[in-house]
Amino acid sequence: MMNDHIGSSFILLPVLILTAACTNGTLTVTAFNSQSPPTSLLGQSSGNANGTGVGAAGMNGPRAIASDGTHVVVTDQSNNRVLIWNSVPMVVNQPADLVLGQLTMFGNSPNMGAATAQNSLSNPTGAAIYNGHLLISDYTNNRVLVWNSFPTVNGQNADVVMGQINFTNNGSSASSTTLHSPVQVSVDPGGGVYIADSGNHRVLYYSAIPISSGSAASWVLGQGSMATATPNTSQSGLAGPYGVSANSNYVAVGDTSNNRVVIYSTPLSTNGPLAVMVLGQPNFTSGGTGCSSVNMNSPQGVFFKSNGNLYVADNTNNRILYWAGGFGTTQAATQFYGQPNFATCSLNSGGLSQTSLASPNGVFSDTGGYLWVGDWSNNRVIITPWY
């Protein structure tokens, strides 16, 4: 896409951006350059704009993205709401069709300026869709809300709450039925639910989407029991995890304060299991930051595809990292997005543009080969063909 097309209407057509190199007579073709222009944007009308907004097209700190191939869901965190498109957005800055957490597209107060309720949100941070269910992490209310069928009206009530015994409580603690500042939520192919319970330094696993409020989790990652909440840098420990994503064989955790991603084998069979891989660190006891193909700085959202490809929102390095399926522990990332190279990690590198990133928090890859990025500090979602 040419730069002068940004701000006009884009049609989301299959696009293949190729780079080629010839070495010793062999032509190597790599799909998608690391700074491919986005095919579309949500939240902004131009690639060089990043202001906050409300209404059906504005955003303020968008984080998580989820889609079932029809609906698209974005947690518009600092507007205290979730935006829903009933079909995949086809043009730049396309207005959303529905809002949750507010009664209208122009409301943005935490809990709608009142007490915690069945239809309110305060800093929503995670989203997942599974078999018609919608799950939303409600960070400041210390809960995850579940809609048993896809919402059809603005401000629709949730059906079930996880982490609280009812829809009006919002306290935090460490137990099998409570949460403390949950961030990303993920549902595996079998319907098991994982919640990155950041304030309790753990990930909770539920064997199925609960049908009643206040249900207990089945297993915990990052702690030896449901009652402990101690940060730790080890093969079994976690510290402030913000990200979690599962496929059929593994669950990846964005272990944010340890500046790494740890990967566990599934199915789980015990509390506090040992991770089988670590990315971003040379071993399970290191937790430093860095800017390279083998380091991270506050990784947040993660996304595991069914083929084993892994995407990580490397937040403070202002980039997306990608590992092709079949990688091993401590392995270098395969590719990056949002920077000119692995050694550059500045915010909006080269200046705000259609390919720069500023504190990305959420990442999602759809079945059509499009990368969706919650570009948090630029108040937009980038949609681009990329791995």
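The values are calculated or read from the model by the stated rules, or taken from the named source; none is laboratory data. Here the structure is a predicted model, which means the values were calculated and not measured. Heads up, the Cβs are rebuilt from the backbone with ideal geometry, glycines too, and the neighbour counts pull from every protein chain shown. Note: accessible area is taken over every heavy atom of the protein model, side chains too, but ligands, DNA and RNA are not part of it. Shrake-Rupley method; radii C 1.70, N 1.55, O 1.52, S 1.80 Å.
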Top-ranked residue of the range 52-99 - restricted to ones that are under 27 Å from GLY254 (Cβ atoms) and of a type in the set (D, E, K, R), ranked as nearest to the chain's Cα centre (by Cα): ARG63
Would you call ASN141 in a loop (DSSP other than H, G, I, E, B), of a type in the set (S, T, N, Q) and buried (at least 24 other Cβ atoms within 10 Å of the Cβ)? yes
Mind checking which residues of the range 235-256 are part of a strand (DSSP E or B) and not polar (S, T, N, Q)? GLY237, GLY243, VAL244, ALA246, TYR250, VAL251, ALA252, VAL253, GLY254, ASP255
Among the residues in the range 44-55, are any hydroxyl-bearing (Ser, Thr, Tyr) and under 21 Å from PRO182 (Cβ atoms)? no
I need the full set of residues from the range 54-70 which are open to solvent by 20 Å² or more (accessible area, probe 1.4 Å) and part of a loop (DSSP other than H, G, I, E, B), in order please. VAL54, ALA56, ALA57, ASN60, ASP68, GLY69, THR70
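Yes/no per residue for (1) touching a Pro at 6+ places or on another chain (Cβ under 7 Å); (2) of a type in the set (A, V, I, L, M):
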{"position": "SER149", "(1), (2)": "no, no"}
{"position": "VAL161", "(1), (2)": "no, yes"}
{"position": "THR168", "(1), (2)": "no, no"}
{"position": "SER173", "(1), (2)": "no, no"}
{"position": "GLY192", "(1), (2)": "no, no"}
{"position": "HIS201", "(1), (2)": "yes, no"}
{"position": "SER212", "(1), (2)": "no, no"}
{"position": "SER234", "(1), (2)": "no, no"}
Mind checking whether some residue in the range 171-182 is over 23 Å from the mean Cα position of the chain (by Cα), of a type outside the set (A, V, I, L, M) and not in a loop (DSSP other than H, G, I, E, B)? no
So which of GLY190, GLY243, GLY254, GLY222 is open to solvent by 10 Å² or more (accessible area, probe 1.4 Å) and among the small types (Gly, Ala, Ser)? GLY190
Here is a list of conditions, (1) without any contact (Cβ under 8 Å) to a residue 60 or more places away in the chain; (2) open to solvent by 10 Å² or more (accessible area, probe 1.4 Å); (3) closer than 21 Å to SER78 by Cα, and ASP197 meets all of them except one; can you say which number that is? (2)
Of those in the range 263-315 that are open to solvent by 10 Å² or more (accessible area, probe 1.4 Å) and not in a loop (DSSP other than H, G, I, E, B), the residue nearest to THR330 (Cα to Cα) is MET277
Test: residue in the range 84-92 that is within 17 Å of ASN111 (Cα to Cα) and open to solvent by 10 Å² or more (accessible area, probe 1.4 Å): no
Restricting the first residue to the range 89-100 and requiring it to be free of Cβ contacts under 8 Å to residues at least 40 places away in the same chain, which pairs with a second residue that is charged (D, E, K, R) and open to solvent by 40 Å² or more (accessible area, probe 1.4 Å) meet a Cβ separation below 6 Å and a spacing of at least six or different chains? none
Within the range 178-187, identify whether any single residue is in contact with a Ser or Thr (Cβ under 6 Å, 6 or more places away or on another chain) and either over 13 Å from VAL144 (Cα atoms) or among the basic types (Lys, Arg) (or both), and answer yes or no. no
THR125 within 29 Å of TYR250 (Cα to Cα), among the polar types (S, T, N, Q), in contact (Cβ under 8 Å) with a residue 24 or more places away in the chain and not in a loop (DSSP other than H, G, I, E, B): yes
Consider the range 144-187. How many of its residues are open to solvent by 20 Å² or more (accessible area, probe 1.4 Å), touching a Phe, Trp or Tyr at 6+ places or on another chain (Cβ under 7 Å) and either of a type in the set (Val, Ile, Thr) or at pLDDT below 95 (or both)? 1
Within the range 345-354, can one find any residue that is under 27 Å from HIS71 (Cα atoms) and either touching a helix residue (DSSP H, G or I) at 6+ places or on another chain (Cβ under 6 Å) or in contact (Cβ under 8 Å) with a residue 24 or more places away in the chain (or both)? yes
Could you tell me whether PRO110 is open to solvent by less than 10 Å² (accessible area, probe 1.4 Å) and at pLDDT 95 or above? no
Restricting attention to the range 316-361, which residues are of a type in the set (A, V, I, L, M, F, W, C), open to solvent by 20 Å² or more (accessible area, probe 1.4 Å) and under 18 Å from LEU42 (Cα atoms)? LEU352
Which residues, taken from the range 364-387, are open to solvent by less than 10 Å² (accessible area, probe 1.4 Å) and farther than 18 Å from PRO95 by Cα? SER365, LEU371, THR384, PRO385, TRP386
